[in-house]
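The values are calculated or read from the model by the stated rules, or taken from the named source; none is laboratory data. These numbers were taken from a predicted model, which means no experiment stands behind them. Reconstructed Cβ throughout: ideal geometry from the backbone, glycine too, with neighbour counts over all protein chains shown.
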Amino acid sequence: MNFQKTIRKAVTFKGIGLHSGATTEVVLKPAPADSGITFVRTDVAQKVLIPALNQYVIDTTFSTTIGKNSVAIQTIEHLMAALWGLDIDNAEIEVCGPEIPILDGSSEPFVKKIKKAGIQELDQLKKVFVITKPIAIVEGDRYCYLLSSRTPKITCSIEFAHPYIQKQKLESKLDPKSFMQEIARARTFGFVKDIELLRQKGLIRGGSLDCAVVLDEKNIVNKEGLRFKDEFVRHKILDSIGDMALFGMKILGHFVTHKAGHELHAKLIRKVLTQECGYIIGEKAFEKAQQDRMPIQASLFQPASI
Ligand SMILES: [Zn+2]
């Protein structure tokens with residue numbers, strides 16, 4: 001767990017983008033320690049490198065889009081969540097199109113293929129950002145918090161006036177094992193009543209029952225039904241993890257979200273980046289402090305310089 005990781009060999013995904021409807025090929029390649037996750041748009045005149053960091057988020061309407069120099073890549077969150085869940089810190093992701101393929105609407109197809117390719121440990125330690133002061137974004141009845149916590153975890157709650165959803169709340173540990181067991185398979189979802197309006201806005205052109213749970217007024221349209229009874233809140237956790245991964249390193253804290261979405265997640269991470277609310281340590285130092293039951297004190301470690 002202490003050392004940074006990358007993918008062992010290149011792996012390719014091909015599929016339709018949920019919003020653009022464009023068929024895109026994505027190639028994930030190994031990358032050296034401390035290089036982070038980087039997206040590279042390859043179908044434009046000049047290759048554009050876009051670091052997978054919150055600073056490059058340019059749109060959060062129904063998905064998370066990053067961009068640089070007028071070049072954008074849409075719907076990166078399910079792939080980012082998969083990389084976070086597999087504990088991968090460094091990778092170069094070539095994208096030959098405007099959007100990451102939606103595949104089955106969850107992170108599972110990414111996880112399966114990357115696992116098969118293998119994961120390589122690198123010789124540099126991971127870094128962890130320890131939250132010491134609470135950070136919050138509140139907009140009306142929707143909110144997102146990051147609180148100080150000895151174990152990384154997330155509590156997510158949602159409310160939709162639909163008999164299959166209503167109020168759902170779930171707490172999950174923020175570690176790779178919990179992600180694989182509880183979160184990775186949860187698919188995105190949408191409502192029949194919203195389809196027309198979203199299509200008019202140029203969204204969900206690639207949407208189908210193969211890549212989302214679709215709900216009509218009272219029921220689930222998909223013949224196969226749900227993967228979990230509370231698949232909806234689990235997918236919201238998946239989205240939160242994908243957006244949180246754009247912080248660029250692990251966060252030790254308690255992430256609390258209520259009726260949140262990509263916009264609030266991005267605002268929260270931006271606030272963490274711009275306010276003094278914690279410090280960075282190597283993961284080894286953090287584990288040692290936990291074993292020794294020592295209070296983790298900022299003075300023991302180099303303060304954050306971001
Ligand atoms: Zn999603």
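Among the numbered conditions (1) assigned to a helix (DSSP H, G or I); (2) modelled with pLDDT under 65; (3) surrounded by fewer than 18 Cβ atoms within 10 Å (Cβ to Cβ), tell me where I306 comes up short. Answer for I306: the failing condition is (1).
State whether one or more residues within the range 211-228 are within 25 Å of Y145 (Cβ to Cβ), modelled with pLDDT of 95 or more and either in contact with a His (Cβ under 6 Å, 6 or more places away or on another chain) or within 16 Å of the ligand (Cβ to nearest atom) (or both). Yes, that holds for at least one residue. Flag set for F255, criterion: part of a strand (DSSP E or B), touching a strand residue (DSSP E or B) at 6+ places or on another chain (Cβ under 7 Å) and not assigned by TED's automatic domain parsing to the domain that holds V57.
In the range 178-206, the residues that are touching a residue at least 24 places away in the same chain (Cβ under 8 Å) form Cβ pairs under 7 Å with partners that are hydroxyl-bearing (S, T, Y) and part of a loop (DSSP other than H, G, I, E, B), at six or more places apart or across chains, as follows: A184/S106; A184/S107; R185/S106; A186/S106; R187/S106; R205/S20; G206/S20. Of all the criteria given as (1) over 26 Å from I280 (Cα atoms); (2) at pLDDT 95 or above; (3) crowded, with 17+ Cβ neighbours inside 10 Å, the one not satisfied by K113 is (3).
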